[in-house]
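Asks: First, the structure itself, so that you have it in front of you.
The values are calculated or read from the model by the stated rules, or taken from the named source; none is laboratory data. These numbers come from a predicted model, not from an experiment. We place every Cβ from the backbone using ideal geometry, glycine too, and count neighbours over all the protein chains shown. Ligands, DNA and RNA are stripped out before the accessible areas are found, and what is left, the full protein with its side chains, is counted by its heavy atoms. Shrake-Rupley method; radii C 1.70, N 1.55, O 1.52, S 1.80 Å.
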Amino acid sequence: MYETIGRSRGTDFFRIADQLTPEERAYWRRTRDFVDDEVLPVINDYWERAEFPYELVQKLAKLGIVGDGIEGYGCPPMSPIACGLIHLELNRGDGSLGTFLGVQAGLAMQSIAMLGSEEQKTRWLPAMAQLTKLGAFALTEPAHGSDSVALETTARRDGDTWTINGAKKWIGNGTIADVVVVWARDEADRQVKGFLVERDSPGYAARKMEGKGSLRAVWQAEITLTDVEVDEANRLPGANSFKDTGRVLAGTRNAVAWGALGHATAAYEIAAQYCSERTQFGQPLVSFQIVQDKLVKMLAEVCSMQLYCLRLGRLIEEGSLTDTIAAIAKMNNTRKARQVVAEARDLLGGNGILLDFHVIRHMADIEALHAYEGTETIQTLIVGRDITGVGAFA
């Protein structure tokens with residue numbers, strides 16, 4: 001984000017780096033160095049083979065970056081800005097790694113931290129911060145993507161035991177997680193509740209989804225739950241309606257906004273470097289007006305996304321983040337990232353479709369970020385409802 005590219009000033013034209021604390025700089029630098037030294041040299045092969053990079057994932061725990069700002073329970077202390085910088089850098093390297101961390105820390109761990117009992121937090125969070133236990137977040141269903149509040153998975157209570165039946169789809173880590181946060185509708189009061197389902201529970205089955213053209217190095221699952229029995233002790237006591245689910249999701253949209261910035265930063269940096277080195281018609285590409293025009297407009301978008309992200313972090317620190325703010329940031333940054341990445345691919349010409357140059361991988365992966373945690377359309381309607389007072393969807 002703040003490195004010099006060619007003769008330019010990198011991407012920090014608004015001096016975002018000056019706003020960082022020493023601790024935030026340390027998290028950023030540590031993650032960036034990991035991406036440059038460990039991720040970029042090998043990630044294309046994982047992505048092309050659709051293989052989960054276990055070796056890289058295990059190194060995340062040693063970096064001390066898994067925890068999403070959760071206080072205590074073995075989680076590394078970090079500010080919202082530090083969390084965002086980590087997501088930026090991981091996605092600058094690879095969207096699959098960024099998505100893995102978003103599921104592990106932002107969804108699964110935060111569900112437990114925000115809505116779980118003290119016993120649940122003590123049992124799971126330290127191990128999850130060290131990645132000795134993996135987590136998943138099972139909300140989306142085959143027939144309910146954007147309309148997740150209409151989920152049909154059911155939970156029936158009999159004494160101290162709940163029986164869960166239903167199906168989930170697009171569940172990151174669902175085939176490898178030790179514990180899955182499953183959202184189901186209570187048959188008695190029709191409210192959505194959260195349950196901690198362990199992978200070896202009878203009736204729990206997960207199948208890795210094949211044929212993905214995006215985020216190929218992280219695995220999503222189709223899950224079926226057939227008479228899965230869960231003790232009352234494994235129900236999240238703070239999850240008593242879909243509003244509680246929404247509290248977890250609002251926080252992750254911050255991470256997606258930072259992640260989109262990571263993809264855009266990578267694309268701009270690659271394009272700027274490539275155009276400074278590539279010679280056509282006897283001149284470096286950067287000497288052509290149209291190339292400079294494209295690079296400047298790409299940089300302007302990256303800078304605007306940085307300012308969005310910085311403000312998001314400050315609002316979280318103040319406890320002032322709202323669903324609408326999270327929605328507009330997620331909508332804006334994923335949309336702008338798509339544009340920046342597309343321009344980079346164009347500037348690289350034919351080389352832009354080769355994995356060696358990384359841009360095509362970012363182009364594919366940004367499509368997933370644009371869709372998950374609420375599509376651009378849904379985020380737009382959330383903001384539209386707030387500014388007009390009229391809901392345009394049920």
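Asks: Could you tell me how many of the residues in the stretch 366-377 are open to solvent by less than 30 Å² (accessible area, probe 1.4 Å) and under 11 Å from the mean Cα position of the chain (by Cα)?
Replies: Looking only at the stretch 366-377, we keep the residues that are open to solvent by less than 30 Å² (accessible area, probe 1.4 Å), and these are 366, 368-370, 374.
Subsequent filtering for residues that are under 11 Å from the mean Cα position of the chain (by Cα) retains 366, 368-370.
Matching residues across the stretch 366-377 total 4.
Asks: Looking at the stretch 229-241, is at least one residue of a type in the set (D, E, K, R) and in a helix (DSSP H, G or I)? Give the derivation first.
Replies: Initial filter on the stretch 229-241 (of a type in the set (D, E, K, R)): 229, 231-232, 235.
Cutting the leftovers down to in a helix (DSSP H, G or I) gives us 232.
Looking through the stretch 229-241, at least one residue is of a type in the set (D, E, K, R) and in a helix (DSSP H, G or I).
Asks: Any residue at all in the stretch 287-302 that's surrounded by 18 or more Cβ atoms within 10 Å (Cβ to Cβ), at pLDDT 95 or above and over 24 Å from L90 (Cα atoms)?
Replies: Filtering the stretch 287-302 for residues surrounded by 18 or more Cβ atoms within 10 Å (Cβ to Cβ) gives 291, 294-295, 298-299, 301-302.
Filter again for at pLDDT 95 or above, leaving 291, 294-295, 298-299, 301-302.
Now narrow it down to the ones that are over 24 Å from L90 (Cα atoms): 291, 294.
Among the residues of the stretch 287-302, at least one is surrounded by 18 or more Cβ atoms within 10 Å (Cβ to Cβ), at pLDDT 95 or above and over 24 Å from L90 (Cα atoms), which makes the answer yes.
Asks: If I filter the stretch 270-280 for residues that are in a helix (DSSP H, G or I), in contact (Cβ under 8 Å) with a residue 40 or more places away in the chain and under 30 Å from D386 (Cα atoms), do I get at least one hit? Before the answer, list the steps.
Replies: Going residue by residue through the stretch 270-280, those that are in a helix (DSSP H, G or I) are 270-277.
Checking which are in contact (Cβ under 8 Å) with a residue 40 or more places away in the chain leaves us with 270-276.
Remaining after also requiring under 30 Å from D386 (Cα atoms): none.
Taking every residue of the stretch 270-280 in turn, none turns out to be in a helix (DSSP H, G or I), in contact (Cβ under 8 Å) with a residue 40 or more places away in the chain and under 30 Å from D386 (Cα atoms).
Asks: Collect the residues in the stretch 129-152 that are assigned to a strand (DSSP E or B), small (G, A, S) and out of contact with any Gly (no Cβ under 7 Å at 6 or more places or on another chain), keeping them in residue-number order. Please lay out each step first, then the result.
Replies: First pass over the stretch 129-152, keeping only residues assigned to a strand (DSSP E or B): 135-138, 141, 144.
Next, from what is left, pick out any that are small (G, A, S): 135-136, 138.
Passing the criteria: only G135.
Asks: Taking the conditions exactly as written (at pLDDT 90 or above and within 29 Å of D147 (Cα to Cα)), does E367 satisfy them or not? Let's see the steps before the verdict.
Replies: Working: at pLDDT 90 or above: yes; within 29 Å of D147 (Cα to Cα): yes.
In short, yes.
Asks: Still on this structure, I have one more. Please verify whether G69 is closer than 24 Å to L354 by Cα, open to solvent by 20 Å² or more (accessible area, probe 1.4 Å) and at pLDDT below 95, treating the condition exactly as stated.
Replies: Numbers: closer than 24 Å to L354 by Cα: no; open to solvent by 20 Å² or more (accessible area, probe 1.4 Å): yes; at pLDDT below 95: yes.
No; evaluated as a whole, the condition is false for this residue.
Asks: Moving to a separate point now. Out of all the residues in the stretch 153-199, which are of a type in the set (A, V, I, L, M, F, W, C), in a loop (DSSP other than H, G, I, E, B) and closer than 30 Å to E51 by Cα?
Replies: I176, A177
Asks: Could you list, in sequence order, all residues of the stretch 72-111 that are small (G, A, S) and either open to solvent by less than 10 Å² (accessible area, probe 1.4 Å) or touching a strand residue (DSSP E or B) at 6+ places or on another chain (Cβ under 9 Å) (or both)? Full working, then the answer.
Replies: Restricting attention to the stretch 72-111, the residues satisfying the condition of being small (G, A, S) are 72, 74, 79, 82, 84, 93, 95-96, 98, 102, 105-106, 108, 111.
Residues satisfying the conditions are A82, G84, G93, G95, S96, G98, G102, A105, G106, A108, S111.
Asks: I would also like to ask the following. Across the stretch 346-365, what is the number of residues that are assigned to a helix (DSSP H, G or I), free of Cβ contacts under 8 Å to residues at least 12 places away in the same chain and surrounded by fewer than 16 Cβ atoms within 10 Å (Cβ to Cβ)?
Replies: Initially, the stretch 346-365 is screened for residues assigned to a helix (DSSP H, G or I), giving 346-347, 349-353, 355-357, 359-365.
Next cut, free of Cβ contacts under 8 Å to residues at least 12 places away in the same chain only: 349-350, 352-353.
Then keep just the ones that are surrounded by fewer than 16 Cβ atoms within 10 Å (Cβ to Cβ); that gives 349-350, 353.
Number of matching residues: 3.
Asks: Inside the stretch 1-24, can you point out the residues that are open to solvent by 20 Å² or more (accessible area, probe 1.4 Å), at pLDDT 95 or above and not in a loop (DSSP other than H, G, I, E, B)?
Replies: Listed by number, the residues that qualify are P22, E23.
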